[in-house]
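Student: A single structure is presented below for examination.
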Amino acid sequence: MWQEYFRLVKLKPGKVVTALLGEIDFSSDSIPPEKIKQLYQSGFPYLEITEEGKKYLYGIEKLAIKSEKKVSLNNTPTNRIKRIRSNA
Amino acid sequence: MIDFSDITKNLLNGDNMGGIMQIVYFGLYDDVDTWPTKTAAPTTLATAANLTGDLEMKVGKKMYQLYLTDDTGEFKCEMVGEIDGHSFVYHLSVFHPGMQDKVVGFLNAIKNENLVFIVIDSDGQKYVMGDALRPAILASSPDGIGTGKTTAARKGVSMEFTAKTPRIHIYTGNIPLTEAI
């Protein structure tokens, strides 16, 4: 589950005695993503965040969708031309 | 130059338990890829004590655990040298119970080998024995290696490891017990 959001780097999946949370077995699927997020945010050198992780944990997808909508509804070249024509 | 400050009692949550954990972590000196670094010009007392960064192993290498009987392990820092030439020697003594093949094989393999150890004390503070310049080594067997004389005697392996260091340092990094890739 947590592997959707983070990937272990520089190490094979297995145990690490982490400075922040003690021993964690990274070969296990059942580590709560929040725990991994905590480690990642502390600068743990063996974790990278995935694109899915950025979306899920930091809401980057939401922001991207919102800005996409703004562009598509209000500010596309076609809409801009329409607005100019209707104002003329 | 260090900016000195008051040194108060400052026990975190009041904890100050003696002894070390029942596990120490070891690896071969030559298997270490990156050493944690000491601050070159520390400006505070804390930076004069804490190492920064992680001890990382070479590809395919990792650190291992060595079990010890509770209350038999001790980590000590001995001050050595003459006036104007002081430095320290770390001492780690442990007793591993029994004479099983793994611990006998361990002794045979490391008796003249260069090593690195990470020791965690009872309050969770970590120390690295060995640095980029010098390894930890097996120095002696203070309580012997054997069966003991009586049936009530303690059978097993006593080991003392030492490492020379110019400064005493606290390790704040992680311990990889899985192979580096």
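Student: Could you please find all residues in region B:11-33 being without any contact (Cβ under 8 Å) to a residue 60 or more places away in the chain and either touching a helix residue (DSSP H, G or I) at 6+ places or on another chain (Cβ under 6 Å) or farther than 20 Å from residue B:90 by Cβ (or both)?
Tutor: Once the filter is applied, which keeps residues that are without any contact (Cβ under 8 Å) to a residue 60 or more places away in the chain and either touching a helix residue (DSSP H, G or I) at 6+ places or on another chain (Cβ under 6 Å) or farther than 20 Å from residue B:90 by Cβ (or both), region B:11-33 yields B:11, B:13, B:14.
Student: Next question, about the same structure. With the condition being more than 8 Å from chain B (Cβ to nearest Cβ), I'd like the strands (runs of 3 or more DSSP E) fully within region A:1-48 carrying at least 1 qualifying residues.
Tutor: Strands (runs of 3 or more DSSP E) meeting the threshold: A:6-8, A:22-25.
Student: Looking for something more than 18 Å from the chain's Cα centre (by Cα) and closer than 21 Å to residue B:31 by Cα - is there at least one such residue anywhere in region B:71-93?
Tutor: There is no residue in region B:71-93 that is more than 18 Å from the chain's Cα centre (by Cα) and closer than 21 Å to residue B:31 by Cα.
Student: With respect to residue B:155, is the statement that it is modelled with pLDDT of 95 or more and either under 19 Å from the mean Cα position of the chain (by Cα) or of a type in the set (Asp, Glu) (or both) true?
Tutor: When the stated conditions are applied, residue B:155 does not pass them.
Student: Taking the residues in region B:48-64 that are touching a Lys or Arg at 6+ places or on another chain (Cβ under 9 Å) and surrounded by 15 or more Cβ atoms within 10 Å (Cβ to Cβ) as candidates, determine which candidate is farthest from the other protein chains (Cβ to nearest Cβ).
Tutor: Among those that are touching a Lys or Arg at 6+ places or on another chain (Cβ under 9 Å) and surrounded by 15 or more Cβ atoms within 10 Å (Cβ to Cβ), it is B:48.
Student: Now, a different point. Of all residues being in a loop (DSSP other than H, G, I, E, B) and of a type in the set (Phe, Trp, Tyr) in region B:1-42, which is surrounded by the fewest Cβ atoms within 10 Å (Cβ to Cβ)? Just the residue, please.
Tutor: That would be B:4.
Student: Sticking with this structure for a sec: Tell me which of these residue A:54 doesn't satisfy, since it passes every other one: (1) charged (D, E, K, R); (2) in contact (Cβ under 8 Å) with a residue 12 or more places away in the chain; (3) surrounded by 14 or more Cβ atoms within 10 Å (Cβ to Cβ); (4) away from chain B (no Cβ under 13 Å).
Tutor: (2)
The values are calculated or read from the model by the stated rules, or taken from the named source; none is laboratory data. Bear in mind the structure is a predicted one, so any value in this text is a computation, not a measurement. Backbone-built Cβ (ideal geometry, glycine too); neighbour counts: all protein chains shown.
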